[in-house]
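Here is the structure we will look at.
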Amino acid sequence: MSIPITVKLLFLLILVLLAVAFFTLYKRKVLGYSQIRKGPNKLGIKGVLQPFSDAVKLFTNEPVFLNSSNMYLFALSPALGLSIALALWISHPSVLGLSEVHLGVIYVLCCLSLGVYPTLGAGWASNSKYSLLGGLRAVAQTISYEVSLALTLLSPCVLVASYNLDILGAGGPWFLALCLPLALVWIITSLAETNRTPFDFAEGESELVSGFNTEYSAGTFAMFFLAEYGSILFMSALFAIMVLGGGLSLALKTMAIAFAFIWVRGTLPRLRYDKLMALAWKAFLPLSLAYLVYHLGLKAWLLEI
């Protein structure tokens, strides 16, 4: 008996939001141990109820709306950002994923491309110089790294001759052994795509206060961070599916990649902006393009044998 689509979407929404909630606790604990300090351990056993306490606190606070801001776009941007982050999970190859979504890689790239609009809309609608600069940085950064990410994702698609994530995840960790440098490029590009350290220029606290979300508070502020952490978990799951083979241990592989995101956050400083753009256009783009041409030739040679 097939599960109705509405039930799938409801369970998927609940599970993703729960995963994001506990990922915030996971991040705090890892950063606490890496910086030799205690993480949140006050509410519940080992702080296990802390994420729910933070959610209640944020969503019950009164949001602040500026008179000089574009009110409709200001309120719509965080909701749109969270919706796009949750829509990514529809393509996840699981019982709760919608089997009607074919060409999962193309769908993922389209959703990631849409992710720049909420950030830019929030920066512009806030009517703040800091927010606008953060939004512009995020757009330039995301567009630059999406080119490399798309070319990197095309390499396993060429070898498998499919854009479906369930087929791409069935081959085991052969892609990691075949082209380790491209997998490393994918990890670094994912950091830039999700605006994480050392590429968190959209939220550069040292020069932009808090970047594109400077004027946000309460529930609207929480929506942006739910979207950010949801995107981190999805990019970790996508890497685990396409590079590490997925399988029954997909959750453990996803958490291992998510740990790498947090580890980088606690150890590396922020790059200079010109070095970020140079890394995208002068290093990652030629490397990913060269690997794509190599894999096209390898696939053509294997078909001839």
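Some observations on this one:
- 1 or more residues out of contact with any Pro (no Cβ under 8 Å at 6 or more places or on another chain) and under 27 Å from A161 (Cα atoms): qualifying helices (runs of 4 or more DSSP H) within the stretch 213-305: 218-242, 250-267, 285-304
- Matching option when the condition is surrounded by fewer than 19 Cβ atoms within 10 Å (Cβ to Cβ), at pLDDT 75 or above and not aromatic (F, W, Y), among A192, A218, A222, A170: A218
- Members of the stretch 32-55 found to be touching a residue at least 60 places away in the same chain (Cβ under 8 Å) and more than 22 Å from M223 (Cα to Cα), listed by number: S34, Q35
- Taken over the stretch 215-250, the criterion of being without any contact (Cβ under 8 Å) to a residue 12 or more places away in the chain and not hydrophobic (A, V, I, L, M, F, W, C) is satisfied by S249 alone.
The values are calculated or read from the model by the stated rules, or taken from the named source; none is laboratory data. All of these numbers come straight from a predicted model, not from anything done at the bench. Here Cβ is always computed from backbone atoms with ideal geometry, including for glycine, and neighbour counts include all displayed protein chains.
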